[in-house]
Each structure stands twice: as C-alpha cells, then as structure tokens.
Amino acid sequence: MSTTASPATEVARTRLNWGVPAYILFVAAAIVFAVLIPKTGYILNISLQATTYAIAVLGLTIVLGLCGQINLAQAAFFGLGAYAVGLGQTEHGLNFWICLMIGTSLAALFGALLGASTLRLGGHYLAMVTISFQQILTLILINWIPVTKGPDGVRAIPRPALLVDGSYYLGLCIAVLAGLGYLVWRLRDTRLGRAMRAVRDNELAAGVAGIDIYRTKVTAFALSAILGGIGGGLFAGGFAYVSPDQFSFAESVVFLTMALLGGVASPIGAVIGTGLLILIPEWLRFLKSIPGLYLAIYGAAVILIVLFMPDGIWGYLRGQLDRFKRARHSVKTGDALQLSGGGAGAETVLEVRKLSKHFGGLKAVDEVDLLIKRGGVHALIGPNGSGKTTTLNVLSGLYKATSGSVILNGQDITSLPPHARTKAGLGRTFQNIRLWRSMTALENVMVGAERPGNTAADDPAAVIARARAALAFVDLEHRADEVVAGFSYGHQRAVEIARALAGDPALLLLDEPGAGLNSSEKVELRNLLKRISARGLTILIIDHDMTLVSEVAQHITVLNFGRHIADGVSADVLQHPDVIAAYLGTAPDVAA
Ligand code: ADP
Ligand code: MG
C-alpha cells in the first residue's frame, strides 16, 4: 500500500493528464475555425465581442466568484483598456502592445484603489463605491474632450501589424481568452485562490486562520481589473472604434449578468454566460418587428435561467455531473501529525496583563491576568456571560483591547490584527463553528496549514501532506474531499480543530469545543485533547463541562462578571469557595 499518493490525488492527476492536452487541442481547433471564417462581417463581429467580453467576465469570476466581492465597475476597467489602446495608438503613435500594457496597468492600479475601499466598506456600500467609480469614469470619457475626444469617441484604431486580418485577430483573442481562462481555473486551487474563497465563505475565520483579508481583497480587485483592461484593449483593436456609451454602468450590469447567468464560480461559466447573453439577442432578432416583444422574451429568459439555476448554468450542469461521480475514498496516511508547540521557547507561552474589554458601560472583561505555561491544558471557566469568549476574541484580535497587554511567545501582540497574531503562533476554534462551508474538509484544513509562520506553509506538497495528517489525527481523513456543509456538528467541530492543528500553532485556543456534542462525541473529544496535549501543544480551553475540564486541565482560571476570581491547579480551584459560589449563583459581593 502506498502511503504517498492517495487515490484522490491519483484521480486528480490522471484527470489533469488528459485534461490539459484536450484543452489545448480544443483551443487550437477554435483558432483554426476563427482563421477560416470570413474576414469581415457578422460571425466575426459576434465572435470578437464574445471573446473580448468573456475575458472581462473572467475578472468577475475572480472578484465575485472566488472572493465574494461585488464589482459593478467592470465596464470602467474594460473602458480603460479600450481607451488606452485607442488613444495611445491614434493620438500618441504608440505600439499596440505597449498601449495594451498601459491600459492593463492603469486598470490594475484603479482596481487596487477600488479594492482598497474594502478596508472600511463591504456589501451594499462597496457596491455603491464601485458604481460611483464607474459613473466618474463615464463622465470623464464624455466631458474631458481634449484628452478623450468626448462623445464622438475614438476612430480608426489599428490592430497589430501581423494581425490586421480580422480572423487572425480573432484567433489572438481566442488564444488570450483560453490562456487567461486556464489561469483563472488554476487560481482556485492555489494558496491565493483558497484564501479568496475563505474570505468569501467566512471572513472572520479567514482572518483568524492567518489570511490577510485586506490584501486578499485588493489583489482580487486588481486581478479582476487587469482582466477587464485586457478584454477592453482587445475589444478596441477588434472594432476599431470606441465611444463612452460602450463602457457605461449598463454595460457593467451586463457583465455581471453574464457572470451570474453562466455561473460565477468557474471560468467555464463566464464563457457560457457571455456567449449566451450575446447570442440570445441574435436568436431573437426575428422578433424585432414586434416592438417590446423581443425585450420581454429576452428578459424572461434571463430571469428563468437565474431563478431555476441559482448557481448559473455551469453550476447546474456540474451539480448534475457530480451525481454520477463515485465517492472517493482515501488511503490512511497514518497518524503522522507533528506538533512543534511553537518550539522550545521560554516556559511561558502566553502572558496577559490587566486585560480589559468594555462595551460602552459594560465591563465584559475587567483587568484579567492570565499566565499560560508551555505544555499542558489550561482551562478558562466561568458562568455564562462572564467574559470568556470576549477574552478569547481580544486575544485573537477580533476585538481591540480597551487596556492591558498580551504577550505571546515573548512577542507583544496587543495591537496586531488577527492574521498577524495567527502568524505569531495563535490557533483557535469558535464557540459557534466557523468553517468555510462551500470548501472541502481538506481545503479548509489546507488553509490552516498555510498559516504564515508554519514551516510547511510555502511548500504545496507539504501543505497537502500536513492537512491530510491533521484530518487523520481527528479521524476524518476518509471525508477529506467532501464539502463540509454536509458534515454533522461533531465532524464540523473536528474539522475546525484539525484546521487549527494543521497550522502548527504555539498555543491553541478552544472556545467550548464540547458544546452541542453527544456523550460519545464528548468521549472522543476528551481523548483528542489528551492526544494533542501529549504531542506538546499548549491548549487554552473554555468549557462548561466540569467533568471534561477536571479530566484534561492541569490549571484553571475562573472568571465571573468579567473579573478574574480564582486561578491555580485544577483540584484546588474547583474547591475554592468563590468558585463554588459563582457556579451556584450566590456571589453576593459581585452580584449586588
Ligand atoms: P461567555 O463566553 O463567558 O459566556 P461573553 O464573553 O460572550 O461571555 O460575554 C460577556 C459579556 O459581554 C456578556 O454580558 C455579553 O452580553 C457581552 N458582550 C459580548 N460581546 C459583546 C459585543 N460585541 N457587544 C456588546 N456586548 C457584548
Ligand atoms: Mg462564550
């Protein structure tokens, strides 16, 4: 039995083996077809429009499909590319390719700037900012006449010397679309692609897993804009004429509709959606003699497709295909998870001094001290609402501390953002599970293994190996390739723990890992905690279950009303009169 390659990776490899040559063959055939069609006319124009638009729609596959960010300005980036190629050549005598590069760079720059607004804005507000950007560009194109030539547009835009012939130029567009489509398809399964999907599925968990959310979004916007710019530049060469109305807000909506119609999660969807939205009006052309009917049928067709295929046409087809796929079962790689526990540093892993978190007048955490020694399990207990989760949230950077300091492994992390604390060595799970629900168990845990600061993080093969080992450690390797949304509560908890373990943190924070588990799952959890601890990883655990706490924890800190009321060796703390009083609800000194 091989321990290096599981059947799942073998299946993926064989699929890739014939997949890439088949793809190249298909693209070559399309280019040959392009070269053979008439050099001018209807088919050529439709094909030129479809291929250049599809390149721009690929951008939405990245920013919206992978990263979950709305972009209603794709036509503006398309326009930047188109005007650069148009004006650069006709007004400034620059070479086509140089102009295309300038347009693409401009688009990237403005895309990154637009992405920068995600630092403070999300959802509807982000949509409004992208619309505003789109409107500003349209106004500039129309009104800055000396530079843009205004509403008249730019005429007689040349093509590159060897590709003056319309059908050769179409061949170029197809080749570019095919190449970029392939890259976007591969992007999904890269570290960046997984980071984008994690941000899309659960942003908070992404930050805590060590992903720089802001940088990821800015990158997604910039990449999306680059594709918009390339598409627009090729469009200008294709049609030799550009004018402001071709790059209006309405066109941005068309791009978005194309992406959603075909399926925003995949580049194949982008191509299908673009092709259909360009072809449907052509098919319905015969209806144009009856006013209104054409638009009504066109609109109804789009609405029906989106209504019955919420994941787009390709999403729907994939769903049908997946039903025929055999379940893939992986070979066990054995229990090979290595935990370094953050290395052999000082005796103290975490030192919290006078930590406070106030919500208005409510002192949720009030001057709490916490000292966690390397190795072993430290429990943080206290009645409901005593500030345990808030303490963890301040430790992992989701809340800013009102005052106090947090030192991890000798490093002051008090004012770092979540992903930087994770890099410094924190790993955690959440009281209410936060997995990336549309990703597989393996993908979830791979992002964990890609924690910046983990030694395996930069080597893709090591990341997969480590993620599999972490899943094996929680007895879930056989479900590695399943999407976690379908997992039971207990299995989801286990995946969340595996995700944190895969990052090889110095300190593992667990917020009520036993909540919602049945009694046999609790026994498994207890054994799991003991196995983690035995490998030298320090754990800070919050739990209500006193049996569990007394069995696994050597050290206990007790909170009540945000204040630290007892601390010490487990057995002593559980006998402490204040602790007993707090749990029985008779703590007159605090409750009064
Ligand atoms: P525990 O985890 O110990 O049950 P929490 O830390 O969740 O308790 O909550 C401590 C107190 O802080 C509670 O009174 C809770 O209502 C309050 N609290 C927690 N988060 C917030 C927040 N984001 N805004 C306002 N109050 C909060
Ligand atoms: Mg809590």
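The values are calculated or read from the model by the stated rules, or taken from the named source; none is laboratory data. Everything numeric in this text was worked out from a predicted model, so none of it was measured. Quick reminder, even Gly has a Cβ in these numbers, built from the backbone with ideal geometry, and neighbours come from all protein chains shown. Areas reflect the complete protein model, heavy atoms only, side chains present, ligands, DNA and RNA absent. Shrake-Rupley method; radii C 1.70, N 1.55, O 1.52, S 1.80 Å.
See the values below:
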read-out	value
Residue in segment 414-421 that is of a type in the set (A, V, I, L, M), open to solvent by less than 20 Å² (accessible area, probe 1.4 Å) and not assigned by TED's automatic domain parsing to the domain that holds Ala457 present	no
Leu339 vs. criteria modelled with pLDDT of 80 or more, more than 30 Å from Thr257 (Cα to Cα) and among the hydrophobic types (A, V, I, L, M, F, W, C)	yes
Count of residues meeting criterion [hydrophobic (A, V, I, L, M, F, W, C), assigned to a loop (DSSP other than H, G, I, E, B) and buried (at least 20 other Cβ atoms within 10 Å of the Cβ)] in segment 489-516	1
Pairs, first over 22 Å from Ile464 (Cα atoms) in segment 420-444, second away from ligand 1 (no atom under 16 Å from the Cβ) and part of a helix (DSSP H, G or I), C-beta under 6 Å, six or more apart	Ile433/Gln492; Ile433/Glu496
Residue list for segment 457-495, filter: closer than 24 Å to Asn409 by Cα and touching a Gly at 6+ places or on another chain (Cβ under 9 Å)	Ala457, Arg466, Ala470
Counted residues, segment 535-545 - those being more than 16 Å from ligand 2 (Cβ to nearest atom) and under 10 Å from Ala379 (Cα atoms)	1
Matching residues in segment 452-474 - criterion: being open to solvent by 20 Å² or more (accessible area, probe 1.4 Å), in contact (Cβ under 8 Å) with a residue 40 or more places away in the chain and assigned to a loop (DSSP other than H, G, I, E, B)	Pro452, Gly453, Thr455
Lone unmet requirement of (1) more than 18 Å from Glu251 (Cα to Cα); (2) touching a residue at least 40 places away in the same chain (Cβ under 8 Å) for Gly111	(1)
Hits in segment 519-561 (condition: within 16 Å of ligand 1 (Cβ to nearest atom) and part of a loop (DSSP other than H, G, I, E, B))	Asp543, His544, Asp545, Phe561
Qualifying residue in segment 177-193 (condition: among the hydrophobic types (A, V, I, L, M, F, W, C), closer than 22 Å to Ala127 by Cβ and buried (at least 24 other Cβ atoms within 10 Å of the Cβ))	no
Complete set of residues in segment 390-408 that are surrounded by 20 or more Cβ atoms within 10 Å (Cβ to Cβ) and not hydrophobic (A, V, I, L, M, F, W, C)	Thr390, Thr391, Asn393, Ser396, Gly397
Ser248 being open to solvent by 40 Å² or more (accessible area, probe 1.4 Å), at negative phi and either among the polar types (S, T, N, Q) or in contact with a Cys (Cβ under 7 Å, 6 or more places away or on another chain) (or both)	no
Hits in segment 371-388 (condition: within 16 Å of ligand 2 (Cβ to nearest atom) and either part of a strand (DSSP E or B) or exposed (fewer than 15 other Cβ atoms within 10 Å of the Cβ) (or both))	Ala379, Leu380, Ile381, Asn384, Gly385
From Gln411, Gln431, residue being within 14 Å of ligand 1 (Cβ to nearest atom), touching a helix residue (DSSP H, G or I) at 6+ places or on another chain (Cβ under 7 Å) and modelled with pLDDT under 95	Gln431
Residue match in segment 562-580 (condition: assigned to a helix (DSSP H, G or I), under 24 Å from Leu362 (Cβ atoms), more than 16 Å from ligand 1 (Cβ to nearest atom) and open to solvent by 10 Å² or more (accessible area, probe 1.4 Å))	yes
Checking Gly490 against (1) more than 16 Å from ligand 2 (Cβ to nearest atom); (2) closer than 16 Å to Leu392 by Cβ, the condition it does not meet	(2)
Residue check for Ala500: small (Gly, Ala, Ser) and modelled with pLDDT of 95 or more	yes
Members of segment 358-386 that are touching a Ser or Thr at 6+ places or on another chain (Cβ under 7 Å) and of a type in the set (A, V, I, L, M, F, W, C)	Ala364, Val365, Val368, Leu370, Leu371, Ile372, Val377, Leu380
Filtered residue count, segment 401-419, keeping only those that are touching a residue at least 24 places away in the same chain (Cβ under 8 Å) and in a loop (DSSP other than H, G, I, E, B)	5
Test: residue in segment 62-75 that is more than 34 Å from the chain's Cα centre (by Cα), in the same structural domain as Leu177 (by TED's automatic domain parsing) and not in a helix (DSSP H, G or I)	no
Total residues in segment 382-408, condition within 11 Å of ligand 1 (Cβ to nearest atom) and out of contact with any strand residue (DSSP E or B) (no Cβ under 7 Å at 6 or more places or on another chain)	4
